[in-house]
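The block underneath contains the structure these notes are about, expressed in C-alpha cells.
The values are calculated or read from the model by the stated rules, or taken from the named source; none is laboratory data. Because the structure is predicted, anything quoted here is derived from the model rather than measured. Every residue, glycine as well, gets a Cβ built from its backbone with ideal geometry; the counts of neighbours run over all protein chains shown.
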Amino acid sequence: MPAKRPSTRLTGARPEALFTPPPERQPLAARMRPRSLEEFVGQGHLVGEAGPLRRSVARGHLTSLLLWGPPGTGKTSLARLLADAIGAEFATLSAVMSGVADVRAALAEAQERLTLNGTRTVLFIDEIHRFNKSQQDALLPHVEDGTVTLIGATTENPYFEVNSALLSRLRVWRLEPLVDADLEVVVRRAIDDAERGLAGPYGPNGGVALGDEAFAHLVSMAGGDARSALNVLEGAVALAEDGNVHDAEGRVAPRLEEVEAAAQQRVLAYDRAGDGHFDTVSAFIKSLRGNDPDAAVYWLAAMIAAGEDPKFIARRLIISASEDVG
C-alpha cells in the first residue's frame with residue numbers, strides 16, 4: 001500500500017478546515033471518525049476484505065466516484081480514508097458554501113501539486129447535488145484528464161440530481177444505512193475508547209455506563225445513522241452528568257429517560273433549512289425501509305411537530321415507494 005503523505009489543506013478548498021477546533025471542543029462524532037479502513041464500520045459490500053473499493057486502493061488505484069447514501073453512513077470518512085490509502089492529498093469543498101471560483105481554485109492547486117511533485121489530489125465535494133450545472137461542468141475536463149480524482153457525496157438520487165455529463169464519468173456506489181449491529185459497535189467504541197471517546201480525557205470522570213434498555217433504545221432511534229447515535233449518546237451523558245446520575249461504581253449512567261430527552265432535544269433543534277431537516281426525513285424513510293413502525297411514527301411526529309411542509313413528506317413517501325417498494 002502506498003505510503004501516506006502529510007495532509008496540507010488546499011487554500012481554495014474548505015478554508016475553514018485550517019481552523020479545526022482542538023479535540024476537547026469537537027463533538028464526540030467528530031473525534032470518533034475512523035482513522036483507517038479497518039476502523040470503518042459498515043458498508044462491507046464496498047470496503048470489506050473482498051469489497052471493490054478495498055481491492056482498488058490496495059492496488060494504489062482509485063477512479064472518480066460518487067458516494068450515494070443517507071446521512072451518517074460514512075461518506076465523508078470513507079472518502080478521506082480512500083485518499084489516505086492511495087497516498088493522495090485530500091481536499092474538500094462543500095457544495096452549499098462554494099462557488100465556481102472555489103472549484104477553479106481547488107483545481108488549479110491540484111494541477112500545480114501534480115506538476116511540481118507528482119502528488120495526486122482527491123477532491124471531495126459534499127452534497128454535490130447542490131452544485132448548479134455551471135459548477136458541475138467546471139469539473140468535467142479536470143476529471144477527464146486526471147488532474148483530480150473526484151469523490152462526490154450526495155443524499156439524493158444522483159440520476160435525478162447530478163448532470164448526466166458528469167455522472168457518466170463517475171462510478172456510483174450506494175451506501176446503506178448501518179444495521180443495529182454496526183451501530184452497537186460504534187456506540188460501544190465511543191463509550192470504551194480511552195483516547196478519543198468517553199473513557200478518556202474528553203469524557204466524564206469515572207467513565208460512562210449505559211444500561212441495556214437505554215443502549216437498545218439509542219440504537220433503535222438512530223435509524224441507521226452513526227452520527228445521530230453518537231450525538232444522542234453525547235447529549236444523554238451530559239444530561240446524566242448534570243443530573244448526577246451515576247451507577248454504584250461512580251460512572252455516569254444515562255437511563256432511558258436521558259436518552260429519550262437527548263433525542264427529543266435533537267428534534268426540537270430541527271431546522272427546515274439545515275442538516276436536521278434532511279437527517280430527520282432520512283431517519284423516517286430508513287425506518288419504513290427497515291419495517292420499524294414505532295420509529296417511523298416517531299420521526300413522522302417529529303417532522304409534523306417541527307412544522308414540516310406536508311407536501312415535502314408526501315414527496316419523500318412517493319420516492320420511497322418508487323425506490324424501495326417498486
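Annotations
- Test: residue in segment 112-126 that is of a type in the set (Lys, Arg) and part of a loop (DSSP other than H, G, I, E, B): yes
- Some residue of segment 49-64 being at pLDDT 90 or above, in contact with a strand residue (DSSP E or B) (Cβ under 9 Å, 6 or more places away or on another chain) and crowded, with 22+ Cβ neighbours inside 10 Å: yes
Every residue, every condition in (1) more than 16 Å from the chain's Cα centre (by Cα); (2) farther than 29 Å from residue 184 by Cα, yes or no:
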residue: 43; (1), (2): no, no
residue: 82; (1), (2): no, no
residue: 93; (1), (2): no, yes
residue: 105; (1), (2): yes, yes
residue: 112; (1), (2): yes, yes
residue: 133; (1), (2): yes, yes
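- Taken together, 313, 304, 285 contain a single residue that is over 25 Å from residue 226 (Cβ atoms) and part of a helix (DSSP H, G or I), which is 304.
- Only residues that are of a type in the set (Lys, Arg) and under 19 Å from residue 80 (Cβ atoms) were counted in segment 137-173, giving 1.
- Single match in 198, 178, 166, 218 (criterion: within 18 Å of residue 256 (Cα to Cα), hydrophobic (A, V, I, L, M, F, W, C) and crowded, with 21+ Cβ neighbours inside 10 Å): 218
- Test: residue in segment 85-99 that is buried (at least 20 other Cβ atoms within 10 Å of the Cβ) and assigned to a helix (DSSP H, G or I): yes
- Looking at 210, 239, just one residue is of a type outside the set (Lys, Arg) and assigned to a helix (DSSP H, G or I), and that residue is 239.
- Of all residues in segment 222-252, those satisfying the criterion of being in contact (Cβ under 8 Å) with a residue 60 or more places away in the chain and not acidic (Asp, Glu) are 222, 223, 224, 226, 227, 228, 229, 230, 231, 233.
- Of all residues in segment 159-183 being part of a helix (DSSP H, G or I) and under 17 Å from the mean Cα position of the chain (by Cα), the one that is farthest from residue 79 (Cα to Cα): 180
- Qualifying residue in segment 139-156 (condition: in a helix (DSSP H, G or I), at pLDDT 95 or above and either under 24 Å from residue 69 (Cα atoms) or not assigned by TED's automatic domain parsing to the domain that holds residue 33 (or both)): no
- When residue 217 is tested against (1) more than 20 Å from residue 302 (Cα to Cα); (2) assigned to a helix (DSSP H, G or I), just one condition goes unmet, and that condition is (1).
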